[in-house]
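Below: one structure, written as structure tokens.
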Amino acid sequence: MNVMKFKILVVLLFSIGIFSCTEKETASAKMDEQHRPQYHFTPDSMWMNDPNGMVFFEGEYHLFYQYYPDSTVWGPMHWGHAVSPDMIHWEHLPIALYPDSLGYIFSGSAVIDINNTTGFGRDGKVPMVAIFTHHSMEGEKAGVLDYQNQSIAYSLDKGRSWTKYEGNPVIKNPGIKDFRDPKVLWHEESKKWVMIFAAADRVRLYHSPDLKSWEFSSEFGAEFGGHGGVWECPDLFSMTITETGEQKWVMLVSINPGGPNGGSATQYFVGDFDGKEFKLDSGFAKEVPKGSAKWVDQGKDNYAGVTWSNIPETDGRRLFLGWMSNWQYATVVPTKKWRSAMTLPRTMDLAKDSTGYYLISKPVKEVAPLEGEVTNFSAQKFDRDSVIFQFAEPNLLKVDMEFEIPASGMIALRFLNDEGEYVDVGYAVADQQYFIDRTFAGNSDFSKEFADFHTAEADYKKESVRLLIYLDVASIELFADDGRTVMTDIFFPKKPFNTVSVLASESDVNLKFGTFTKLKPAGSGK
């Protein structure tokens, strides 16, 4: 669908200004950097990609991440480290893991060894254990296949310092290229640790009593899902459908390339797991034969996302975070001091209807304290040239609007700045697709893959179009229809967007309700 061919009806207009940061001086300097996100996690400086080692321990959410401290372009990988009480306000900590004689420190996970199965704990201190891929660049350059192996390290001071296990690697590569990204979980029924990681075009599963000695269990994926590129960064976890009490297992697998709008994206599978073997649900198997996929996020910029480990049972949420970029252009985006951000942290829920199982994603409740002044809109019809409301500042917004589905054409929100740059977020009726159009959203000359019109399939039954949108200075995240369809896109405008309008192509727009909420900057660390 070519939105530019539509006759545009502008029915809602308001102006918003640029927020002036009042943080302490060092934080203010960061917040003033062009394109620096105001409430998404970014590294203090230099290169960042995949989130790693996400674990909750003694009141802190830990975020480790792929980090190269010497350049804004990918290089020898370290694990950067940050902690937060709420997943929104972050404190940067020193680098956790450095490359060594076995190689770079690629992606992985972290667990809390509560029962000290490893024997690493002492003096009553519970070990935090990191599980990661050692990547030998020398081996890769030599053309051998076994240059990636799985290793572990442990910490007894809440992740502030680390000791690498002298017996590394704990899983040696049998000769498989792309053998990486371990995610570990404790399987209560079998009383064993389970590791899932990517092995070329599928995942492998291993089990262990102590995180040090591992046995091969099974593999999954050769016959299912997207195979447009290499598989990466898997995750595996149990979920319960609230309405029915049914328990299923969900597997996340990132793929690059092969995403729904090109480049990087994350697919998911629903099935059953007995501690050794993952079996795809029979209904879900029909939906994702090889070459097909269901996506966690159908936008362009949510990749390598995984979930936090060790969330207390009293909380019970499945909490997700993704890398907000795409390998098609991640190394060339126009930021100078740092590169890349993370998505908003999100809760994941599993639901089921007549069409089958599907994931629901929503921003975590911890975002709410950033909310400021709210403007409410009652049910009404918008006519041509109707100006509803005008206000100044900030340019950080939460937008929640529900519309009646137009008889035909499309409906969208346009975010615009004084330079005439804009991004459109909306729904196309005939195609049954949500979309984000960032073709004219700002600087895009760094990559021919960037400026484009992105779509998300939404062919399930719906009575209305509900758009929940989070706008930051360089990103937009759409959670449509209560989180059933999700899209994330980044952009790089010359100036922050300060105007929003409602667009329609063929008819008036009937609003059921709407709110615009100002958001405050969170800062990216101390």
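Could you point to the residue in Met77, Ile255, Leu93 farthest towards the positive end of the chain's charge dipole, with +1 and -1 charges on the Cβ of Lys/Arg and Asp/Glu respectively? Among Met77, Ile255, Leu93, the one farthest towards the positive end of the dipole of the chain is Met77.
Kindly provide the trypsin sites (Lys or Arg not before Pro) of the stretch 175-217 that DSSP labels as loop, not H, G, I, E or B, and whose Cβ sees at most 14 other Cβ atoms within 10 Å.
The qualifying sites are Lys191.
Quick check: the distance between the Cα centres of the stretch 222-246 and the stretch 128-183, to the nearest angstrom? Each part's Cα centre sits 24 Å from the other's. Note on Lys381 and Glu166: with the Förster distance fixed at 56 Å, the Cβ-Cβ geometry gives a FRET efficiency of about 0.20. Cα-based radius of gyration for the chain, normalised by 2.2 N^0.38 Å, reads 0.96.
For the residues Glu313, Glu287, a 1.4 Å probe over the protein chains yields an accessible-area ranking, largest first, of Glu313, Glu287. Rolling a 1.4 Å probe over the protein heavy atoms gives the chain an accessible area of 38 Å² per residue.
About its Cα centre, the dipole of the chain is roughly 420 debye, where the only charges are +1 on Lys and Arg Cβ and -1 on Asp and Glu Cβ.
Here the accessible area of the chain is 47 percent carbon and sulfur, with a 1.4 angstrom probe and all protein chains present. Thr343 exposes around 0 Å² of accessible area when a 1.4 Å probe is run over every protein chain in place.
Setting aside same-chain residues fewer than 8 positions from Lys290, which aspartates and glutamates have a Cα under 18 Å from its Cα? Leaving aside aspartates and glutamates fewer than 8 places away in the same chain, those within reach of Lys290 are Asp201, Glu219, Glu223, Glu232, Asp281.
Checking the a/c ratio against 1.5 first, then a/b against b/c, what shape does the Cα gyration tensor give for the stretch 469-508? It is oblate, given that a/c is not under 1.5 and a/b is not larger than b/c.
Would you mind classifying the stretch 142-198 by shape? Square roots of the alpha carbon gyration tensor eigenvalues, ordered a ≥ b ≥ c; an a/c under 1.5 is rounded, otherwise it is prolate if a/b is larger than b/c and oblate if not.
Note, shape of the stretch 142-198 comes out oblate.
The aspartates and glutamates within cross-link reach of Lys448, meaning a Cα-to-Cα straight distance under 17 Å and a gap of 8 or more places when in the same chain, are Asp301, Asp437, Asp489. Across the stretch 310-322, rounded Karplus estimates of 3J(HN,Hα) from the backbone phi angles (6.51 cos²θ - 1.76 cosθ + 1.60, θ = phi - 60°) give 6, 5, x, 4, 5, 8, x, 7, 9, 10, 10, 8, x Hz, Gly and Pro being marked x. Quick check for you: which residues of the stretch 169-199 have the amide N under 18 Å from the point 7 Å beyond the Cα of Asp272 toward its beta carbon? It comes to 188-190, nothing else. A straight Cα-to-Cα reach below 12 Å connects Lys461 with the aspartates and glutamates Asp353, Asp481, residues fewer than 8 places away in its own chain not being considered.
Can you bin the stretch 418-463 into rounded, prolate or oblate? Criterion: square roots of the alpha carbon gyration tensor eigenvalues sorted a ≥ b ≥ c, rounded for a/c under 1.5, prolate for a/b above b/c, oblate for the rest. Can you show the working numbers first?
Numbers: a/c = 4.69, a/b = 2.10, b/c = 2.24.
Oblate shape, in that a/c is at least 1.5 and b/c is the bigger or equal ratio.
In a fully extended conformation the segment linking His187 and Ser282 would gain 31.9 nm over its present Cα-Cα distance, using 0.36 nm per residue.
What's the Cα-based Rg to Rh of the stretch 303-439, Rh via Kirkwood? The partial results should precede the final answer.
Details: Rg = 18.7 Å, Rh = 19.0 Å.
Answer for the stretch 303-439: 0.98.
For the cross-link pairs Lys294/Lys462; Lys164/Lys279; Lys125/Lys191; Lys300/Lys520; Lys125/Lys520; Lys192/Lys365, which exceed 29 Å when the distance is taken from alpha carbon to alpha carbon? Don't skip to the end; give the middle numbers.
Values: Lys294/Lys462 19 Å; Lys164/Lys279 34 Å; Lys125/Lys191 21 Å; Lys300/Lys520 25 Å; Lys125/Lys520 38 Å; Lys192/Lys365 32 Å.
Exceeds cut-off: Lys164/Lys279; Lys125/Lys520; Lys192/Lys365.
Just add up the charged neighbours of Asp146: K/R +1, D/E -1, any other residue whose Cβ is under 13 Å from the Cβ of Asp146.
Surrounding charge for Asp146 is 0.
Would you please give the FRET efficiency between Thr314 and Lys520, computed as 1/(1 + (r/R0)^6) with r the Cβ-Cβ distance and R0 = 30 Å, to the nearest 0.05?
For R0 = 30 Å, the calculated efficiency reads 0.60.
Couplings for the stretch 291-304, taken from phi via the Karplus curve 6.51 cos²θ - 1.76 cosθ + 1.60 with θ = phi - 60°, read x, 10, 6, 10, 10, 4, 8, 9, x, 8, 10, 8, 9, 6 Hz in order; Gly and Pro are left as x. Dipole magnitude for the stretch 457-526: about 500 debye, using +1 per Lys or Arg Cβ and -1 per Asp or Glu Cβ, origin at the Cα centre. A simple spin-label model places pseudo-atoms 7 Å from Cα toward Cβ; at Ile405 and Thr242 they are separated by 2.3 nm.
Note on Asp482 and Asn116: with the Förster distance fixed at 41 Å, the Cβ-Cβ geometry gives a FRET efficiency of about 0.45.
One chain, two ends: Asp508 and Ser354. Fully extended at 0.36 nm per residue, the span grows by 52.2 nm beyond their Cα-Cα distance. Within the assembled protein chains, the solvent-accessible surface assigned to Thr335 is about 10 Å², based on a 1.4 Å probe.
The values are calculated or read from the model by the stated rules, or taken from the named source; none is laboratory data. Source: prediction; values computed, not measured. All Cβ positions, glycine included, derive from the backbone under ideal geometry; neighbour counts span all protein chains shown. Areas reflect the complete protein model, heavy atoms only, side chains present, ligands, DNA and RNA absent. Shrake-Rupley method; radii C 1.70, N 1.55, O 1.52, S 1.80 Å.
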